[in-house]
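Participant: The following block contains the structure, expressed as structure tokens.
Every read-out reported here was derived from the displayed coordinates using simple, explicitly stated rules and does not represent laboratory data. Note that the structure is predicted; figures quoted are calculated from it, not measured. Neighbour counts run over all protein chains shown; Cβ positions are idealised from the backbone, glycine included.
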Amino acid sequence: MKFEGVLFAVRDMAVSRNFYETVMGRKVAMDLGANLVFEGGPTLQERFFELAGFPEEQTVYRAHNTELYFETNALDEDAARIKDAGVEVLHEIREYPWGQRVFRFYDPDGHIIELSEAMDYVAGRFLAQGMTPEETAERTTFPLEVILAIKAGMGL
């Protein structure tokens, strides 16, 4: 068995396509009308309930039980651009105990999208601020050997 991606049910393909292309910067890999595949995901499907064989009223949007996860090394800039697009924000940028900064918002159908700093970026930030590899490993909960590899890649 091979995992091939995530499919989200959408109400209006034109609205969802516009969001993922313009706000999220996704490129279309294949457009089949009611089914749209973006390079690297996700896949969007109109009228999913018909394909799956259940009544339309059983489709749950804004279920708050899953999210799409994206990473960036420019979180502040990307979050500002996304908010400027009028997207509904779930929460502003927050920093978790392991040091990763995260911003969450909704797509047009209420699916949660998380935009986070990549953890190698977080570790690199800590190292550049003068934390030792051991301190960085403890803070990020990453194995020390991973932190040392990040440090070596930074030329520190």
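Participant: Nearest 10 degrees, 0 to 90: what angle lies between the long axis of helix 75-84 and the longest principal axis of the chain (Cα atoms)?
Facilitator: It is inclined by approximately 30 degrees.
Participant: Let me ask something else about it. Which one is right for this structure if P(r) over Cα pairs in 10 Å bins from 0, in percent is calculated from it: (i) 10, 28, 21, 16, 12, 8, 4, 1, 0; (ii) 10, 32, 28, 20, 8, 1; (iii) 10, 38, 34, 14, 4, 1?
Facilitator: Recomputing P(r) over Cα pairs in 10 Å bins from 0, in percent here picks out (ii).
Participant: For the Cα atoms of the chain, what angle does the longest principal axis make with the long axis of helix 144-154, in degrees from 0 to 90, nearest 10?
Facilitator: Between the helix axis and the principal axis of the chain, the angle is about 90 degrees.
Participant: Sticking with this structure for a sec: Quick check on the exposure proxy: order Phe19, Phe3 from fewest to most C-beta atoms within 10 angstrom.
Facilitator: Fewest-to-most ranking of Phe19, Phe3: Phe3, Phe19.
Participant: Compute the longest continuous run of the chain that contains no exposed GluC sites (Glu not before Pro); treat a site as exposed when its DSSP state is not H, G, I, E or B and it has at most 12 other Cβ atoms within 10 Å.
Facilitator: 89-156
Participant: Related question: Report the charge-dipole magnitude of the chain in Debye, nearest 20, computed about the Cα centre from +1 at each Lys and Arg Cβ and -1 at each Asp and Glu Cβ.
Facilitator: 120 debye
Participant: Let me ask something additional. Using θ = phi - 60° and the Karplus relation 6.51 cos²θ - 1.76 cosθ + 1.60, list the HN-Hα couplings for the range 127-138 in order, rounded to whole Hz, with x at every Gly or Pro.
Facilitator: Computed from phi, the couplings for the range 127-138 are 5, 5, 7, x, 5, 6, x, 5, 5, 5, 4, 5 Hz.
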